[in-house]
Structure formats: structure tokens, C-alpha cells
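For reference, the structure discussed in these notes is given below.
All of the numbers you see were taken from the coordinates with simple rules; none came from a lab. Here the structure is a predicted model, which means the values were calculated and not measured. All Cβ positions, even for glycine, are placed from backbone atoms using ideal geometry, and neighbour counts span all protein chains on display.
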Amino acid sequence: MGQGGPVVAGEALNLKVVMLGIKPQTAQLHWRPLGAEPFQTLPLTHVARGVYSVSLPAAAAAADFEYYVQATASDRSLVFPATAPVINQTVVVCD
């Protein structure tokens, strides 16, 4: 459901999320500094067809962090990765 790239300290994380076969009522990015509590939430923006985007500001991506994407469609909650929120995508921020 999501894709990302390397993050350098001081840069925002820009994600493009493609959702095939569903039209979500809600779509959100949940993120937090690695191992911290609780998750912060940002809404995804609809771009076109099944494409959504979200940008995690540079200040939020200043240190290593983890994230997952959650969408709600037809009263079902869908997450990426499938193991979220227990095991999430991890991003290591480089200098």
C-alpha cells in the first residue's frame, strides 16, 4: 500500500500510497520516533484515482522513526504493513 525512499536529516519524508480496489472513507499515516509512544497521525491527501500522498515534515523526521498507513473502507480497517501497529515500517535517518 505504501512506498518511500531514503531520508536524510533535515528532509521531509514524502510518501505516495496506492490503494487498488478500494475507495477509503479515511486514510492516515501513523508515525512516532522509534520505540516511543503514542503514534502521531497525519491525513493522506487524495491525488488521483487510487493514489494518495502524505508528507512527514523534516522536523518530525529528524531522528529514526517508524510508521504505518491505515485506511478504512466498507467498515474494514486496512493497514500497511500487514503487521502494524505491532511491527511497522522503520526509517533510519542519515546525516
Using amide H atoms built in the peptide plane, which far-off residues or other-chain residues are under 5 Å from Val93 H to H?
Asp64, Phe65
If you project the alpha carbons of region 31-95 onto their three principal axes, what span does each projection cover, largest first, in Å?
39, 26, 16
Put +1 on the Cβ of every Lys and Arg and -1 on every Asp and Glu Cβ in the chain; which of Ala60, Pro43, Trp31 then has its Cα farthest towards the positive end of the dipole?
Pro43
Calculate the dipole size of the chain relative to its Cα centre from +1 charges on Lys and Arg beta carbons and -1 charges on Asp and Glu beta carbons; express the result in debye to the nearest 20.
440 debye
Once every Cα of region 1-72 carries one equal point scatterer and solvent is ignored, give the base-10 log of I(q)/I(0) from the Debye formula at q = 0.13, 0.27 Å⁻¹, two decimals.
-0.36, -1.28
